[in-house]
Amino acid sequence: MNPIVDADRLLAWFLVLRDFLQGYIFTNANLLQMPALLLTLFFGWLASHALDPVLRKVAAQVAVDEYQEAFYVQNVLPMAFPAFWVIALWVSTLIAHEFGWPTHLVDIGLNLAAAWLLIRFASALIPNATLALVVAIVSWTIAALNVLGLLTPTIVLLQKVSFTLGGARISLLTIAEALLTLVLLLWTAGILGRFLERRLVAVPNLTSTSKVLFGKLFRIVLISLAFLFALAAAGIDLTALALFTGAVGVGIGFGLQRTVSNLFAGIVLLLDKSIKPGDILEVGGTFGWVASLGARYVEVETRDGTQFLIPNEDIITNRVFNWTHQNDNVRLKIRVRVAYDCDVRLALALMREAAGRPPRVLQTPAPNPLVIDFGENGLELELRFWIADVRNGIHNISSDVFLEILDLFRQHGIKVPLPQRDLHLLSVPDVRGGPAGGRIFADHQDPDPTADGANARLATAGGGLGRADVAAEANLNE
């Protein structure tokens, strides 16, 4: 039976590892330089922490505003540690050269620390934190391999691991180059996109929707060019990928049907100028103003601070109220009911006066009160008035006008009637066999106007009325 673990093979591997460590790592020259690396590392950490308050004060004095101060604190001050470590390593190499000590391990540490410092400074200029981290890791890995002399063997190894796609040979090195080029080109495309958007904002002849549309198109074109240039820079033949990308494109088209629909719906919204940033919309009960127009959705912000992301397709296909499509003036309507026996012309005049009191109500066009209908319980009046700031709300200004109307109606004795019902009772049957119940009821006067009094009156007059008659009499005072 063969043993699970081959002791002789393990011993051979251990001896090879021991010889490598003794011959290349734990040599006398390296052991002599390791304290210098550790001491300089500790000095860099100690100096950066000791001088941190001083550096923060200097950053606050040098910065012109709070944003620049935050940039210094978040991006410049963290570079103090590698900077002090580089200085300490450089001083240690000077001392070693003066005494004739070996310095190759310290030189490697100095190069790695200097690369760390430079990459940290370069990545601080990238606004996207994730992209900055990726660039820093990739750059420092390449620098470390170059300093250690392993860059060329690593490149050869990545070139050997490959596969064939169509007529093109693609290796791990090709993929790594394509990814690195793509990251750099996307970063450049982002910078150019933001620059072009700022330039478009300054163009006075373009509408706000045109500026948003051109800005989105510029970004799409730049990102597409970044992908194409990255593939071309890596040496990938684009014709070899035509069949593959065609099949994948069909699958993506079915899977992202709604996404593509929202994308084209967004382009239509920008072209027909039906919606622009700042418009007041009401979509499916959601009332708010357009905060931004995205490639897939319209961001609508309500007065309570809630952001609704409404897909562009819903804006195109559903019924949408744009309160400020042509201009910011909006007419509101409120209904008021008054009694038939009141002075209707006085009520209309009071409603016009009430509309003129809130400062948000426009006086031109003037508020217009109208008689709308003869209602069941009173005259139906309507007050129409205009406002120019829908963004500040419509229910609150309607409430203010209602309160002013109520105050004026109370001052001048204009009554708002309650719902009424008139019930004509022809006869009340007497269950004891006589029609006198109806006559007694007709002659009976009960001062109690409540439903309980009515029920008692019926019980006294009729002697034994059914439930339907009692319910009918109880509704006399509804």
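Coordinate-derived values only; no laboratory data. The structure presented is a predicted model; accordingly, all values stated were derived computationally and were not measured. Because the Cβ atoms are built from the backbone with ideal geometry, glycine has one as well, and the counts that use them run over all protein chains shown.
What is the Cα centroid distance between region 351-416 and region 109-137, reported in whole angstrom? Cα centroid to Cα centroid, the span is 65 Å.
Among Ser162, Ser427, the ranking by other beta carbons within 10 Å of each residue's beta carbon, starting with the fewest, stands as Ser427, Ser162. Ranked by the mean number of other Cβ atoms within 10 Å per residue, highest first, peptides 12-18, 332-338 order as 332-338, 12-18. For region 20-149, what class follows from the C-alpha gyration tensor (a ≥ b ≥ c being the square roots of its eigenvalues): rounded when a/c is under 1.5, otherwise prolate if a/b is larger than b/c, else oblate? Oblate, since a/c reaches 1.5 and b/c is not below a/b. If you take all other residues with their beta carbon under 10 Å from the beta carbon of Asn396, and give Lys and Arg +1 and Asp and Glu -1, the sum is +1.
Classification of region 264-322 by its C-alpha gyration tensor yields a prolate form. The axis ratio a/c (a ≥ b ≥ c) is 1.5 or more, and a/b outweighs b/c. Would you mind counting up the charge near Val86? Only other residues with Cβ under 13 Å from its Cβ, with Lys and Arg at +1 and Asp and Glu at -1. It works out to a net charge of 0.
Peptides 276-288, 104-116 ranked from most to least packed, by the mean per-residue count of other Cβ atoms within 10 Å: 104-116, 276-288. Computed packing ranks the peptides 185-193, 44-52, 348-356 as 348-356, 185-193, 44-52, most packed first, by mean other Cβ atoms within 10 Å. Applying the Karplus relation 6.51 cos²θ - 1.76 cosθ + 1.60 with θ = phi - 60° to region 411-426 yields 3J(HN,Hα) values of 5, 10, x, 7, 9, 9, x, 8, x, 10, 9, 9, 10, 9, 9, 6 Hz, where x marks Gly and Pro.
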